[in-house]
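The structure appears right after this line, and notes come after that.
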Amino acid sequence: MEVSALELSVLLREMSQTLPGCIVDNVYQLEDGSIVLRLRGGEGGYELRASAGKCIYFTPHTYPKPKTPTEFASRLRKFLNGSRLRSLEQMGCERIAVLSFERDGTLKLVVELVPRGNLVLMDGADRILVALFGTRTKDREIAVGKRYVPPPPRFSLMEHDGVEKIVMGASSKKRLVSWLASELGLGGKYAEEVVALANVDKQTPVDELEEGKRREVADAITQVLLAFKEPRPHVARRDSEVRAVPFVLKSLEREGYSFYPVDSFNEAIAAEYEAYLAKEYEDRVTAELRQRLGELQEKLESKKRAMKELEARVERVKSTAEKLFMRMHEAESIRKAIKEGRLERMNGIRTVSVDRARGMAIISLGEAELELSLSEPVSRQVSRMFDEVKRLRQAMERIAGEIKDLESEISRMSGELESRRASALERVRHEVRERKRWFEKFRWFETSEGLLAVAGKDASSNLALLKKYLQPDDLVFHAEITGAPVVILKGGARAGERSIEEAAQFAASYSRAWREGLSSINVYYVRPEQVSFSAPSGEFLPRGSFMVTGRRNYVKTRLAVAFGIRKVDGAYEVLHGPPSSVAARSKAVAEVEPGDEPARSLSLKIVDLLCRQVGYEPSKEERGSLAARIAQMLPYGKGALAKQQQI
């Protein structure tokens, strides 16, 4: 696998829109030798993967990591962990990416995608701190403490300006496709695309190109370069082959590839690299199995050929024996006559030839010619032939059993081979990282009118919720008691009475009033502009606090939460919130009031009650998992089933 200079420019443009500002949480080196930088920032985490001489890309997903870091990963961690990624740039027109980080100064990670490339970390003065490989050539030395020198530059055509002049004046004995790939730096993939678009013979030496063909080649190059300016990335697939392309390639279409659009070229490169690693791993782990399978298949074919030969011999011997048996008396007379030196013809039986040295004769019975022994009675010869047929059939049965065993073993090994091939892809592919929605960090529910209500869990999350997620058309709820969560009703300015009541009940139920065993409490709600994080002049506001100004709207509400259950794609899902909101989304409802029963036992009762209502029969493990989730949602870890639902 290789990434061209043009492709690298697309990858880095995409990365530069998302990754700058991210913090390096950790560095890993995977089994294939590539490194993964786990990044934190933006809307979530990312992983940036770099493989020397192969590729670089980032993904929102995650790869399985080794439990113990390699020496190379440990040295990178020493410098990069906690640093901030500032920029991602291409070194000139080379297949080299430079990632700049900041932590007590500037750090640069160089990712060389050229053949025999390297991964090098250097300081702001380009002094090498860590390198994947130590190398020394006539052009450069890669070693810790030395100044970094890039590989010798190679020409890469990155812009379409001047293309026609280059092509029209080109002189080379190289084949056109080779010249485009190497001399213009397009790489094999795009050299093939240029000759496909220009509709010229790729084997034609450059010196033999006519002027008209040269212009067509120049136009095709320009078309390819312009397509890189506004890429429309796809993954091209043909059987198990995967190719990443920034746009649909005519050359690959001709070769039978199908194209599937993806969100980014980074995603396409990830797919190709994972397929490349899977094939490499598959070849390694299945080599012995494939060899053994080939040997078995060859043995099977040999057995089948032997079976056909036996079938033919059985038919010949059986046919001869039956014919002789039917004319045994006449055949015996002929045998005796020949033995005595007389050649006779009798009732359609005639002598064809005699070999007295071997003591054998060939006689003709109608259209069939049969071989007789002159020294043995025909009856004994027929009996021996039938015995031979019996032995041959026994041999056929034995070979049929061997064929069946071979086919069974081949089927088993073929299944194992497919399993290993599937596991090869699973071994190297990313795991989809389930991204939490922002409100899942807090307590939340959906009102019966479909609005989102989000509650803090403590003083710090209350403040974070207000500062980061409060918007002008929201409403803010708070119980009239010390030790209560803030509840934001998103879009509360347009909420109906039912949603306001449910948000108030949620705020009350997760307040200290639940712990105190109160049955009802007042809750107020205000508009966002009434919330302030600074005290008026001359007053003091404790750190981490907020204050409310202006008129408050009060709702008196009883304390109660409810739980529901439903199945989504075969998996159980727990719903919770105020009773009326849960009832709007679940056929089964279990209502809980303030009480003293511990969450451990109460949650199991809730699960049993819910499942009985809808006829679910979860396994022991599923019942325990559901109970654990409910226990986490019970206010203050205790409560009691509403009286009408007690079991």
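The values are calculated or read from the model by the stated rules, or taken from the named source; none is laboratory data. None of these values were measured; they are calculated from a predicted model. Glycine also receives a Cβ, built like all others from the backbone with ideal geometry; neighbour counts cover every protein chain displayed. For the accessible areas, the whole protein counts, side chains as well, though only heavy atoms, and no ligand, DNA or RNA atoms are used. Shrake-Rupley method; radii C 1.70, N 1.55, O 1.52, S 1.80 Å.
Couple of notes before you dig in:
- Qualifying strands (runs of 3 or more DSSP E) (wholly inside region 77-191; at least 1 residues being not hydrophobic (A, V, I, L, M, F, W, C)): 84-90, 96-102, 106-112, 119-123
- Scanning region 564-613 for residues that are open to solvent by less than 20 Å² (accessible area, probe 1.4 Å), farther than 17 Å from residue 498 by Cβ and touching an Asp or Glu at 6+ places or on another chain (Cβ under 8 Å) yields a count of 2.
- The residues of region 232-257 that are in a loop (DSSP other than H, G, I, E, B) and open to solvent by 40 Å² or more (accessible area, probe 1.4 Å), listed by number, are 232, 239, 240, 248, 255, 256.
- Candidates 568, 561, filtered to the one that is touching a strand residue (DSSP E or B) at 6+ places or on another chain (Cβ under 8 Å) and of a type in the set (A, V, I, L, M): 561
- The set of residues in region 450-470 that are within 22 Å of residue 497 (Cα to Cα) and either out of contact with any helix residue (DSSP H, G or I) (no Cβ under 7 Å at 6 or more places or on another chain) or in the same structural domain as residue 582 (by the TED database) (or both) contains only 450.
- Considered as a group, the residues in region 490-542 that are farther than 17 Å from residue 578 by Cα and aliphatic (A, V, I, L, M) include one that is least open to solvent (accessible area, probe 1.4 Å), and that residue is 526.
- For residue 629, the requirement of being under 30 Å from residue 476 (Cα atoms), open to solvent by 50 Å² or more (accessible area, probe 1.4 Å), among the charged types (D, E, K, R) and assigned to a helix (DSSP H, G or I) is met.
- Selected residue [outside any loop (DSSP other than H, G, I, E, B) and buried (at least 21 other Cβ atoms within 10 Å of the Cβ)] from 40, 13, 49: 49
- Considering residues of region 548-557 that are in contact with a helix residue (DSSP H, G or I) (Cβ under 7 Å, 6 or more places away or on another chain) and in a strand (DSSP E or B) only, the residue surrounded by the fewest Cβ atoms within 10 Å (Cβ to Cβ): 548
- Within region 468-494, being under 14 Å from residue 529 (Cβ atoms) and charged (D, E, K, R) holds for 473, 474.
Okay, residues lined up against (1) crowded, with 19+ Cβ neighbours inside 10 Å; (2) farther than 26 Å from residue 88 by Cβ; (3) in contact (Cβ under 8 Å) with a residue 40 or more places away in the chain; (4) of a type in the set (Lys, Arg):
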{"site": "118", "(1), (2), (3), (4)": "yes, no, yes, no"}
{"site": "121", "(1), (2), (3), (4)": "yes, no, yes, no"}
{"site": "125", "(1), (2), (3), (4)": "no, no, no, no"}
{"site": "170", "(1), (2), (3), (4)": "yes, yes, yes, no"}
{"site": "173", "(1), (2), (3), (4)": "no, yes, no, yes"}
{"site": "180", "(1), (2), (3), (4)": "yes, yes, yes, no"}
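- Options 595, 538, 517; residue that is small (Gly, Ala, Ser), modelled with pLDDT of 90 or more and in a loop (DSSP other than H, G, I, E, B): 517
- Evaluated against (1) hydroxyl-bearing (Ser, Thr, Tyr); (2) modelled with pLDDT under 90; (3) buried (at least 21 other Cβ atoms within 10 Å of the Cβ), residue 545 falls short on exactly one condition, (3).
- When region 206-231 is filtered for residues that are surrounded by fewer than 19 Cβ atoms within 10 Å (Cβ to Cβ) and not in a helix (DSSP H, G or I), the ones remaining, listed by number, are 210, 230.
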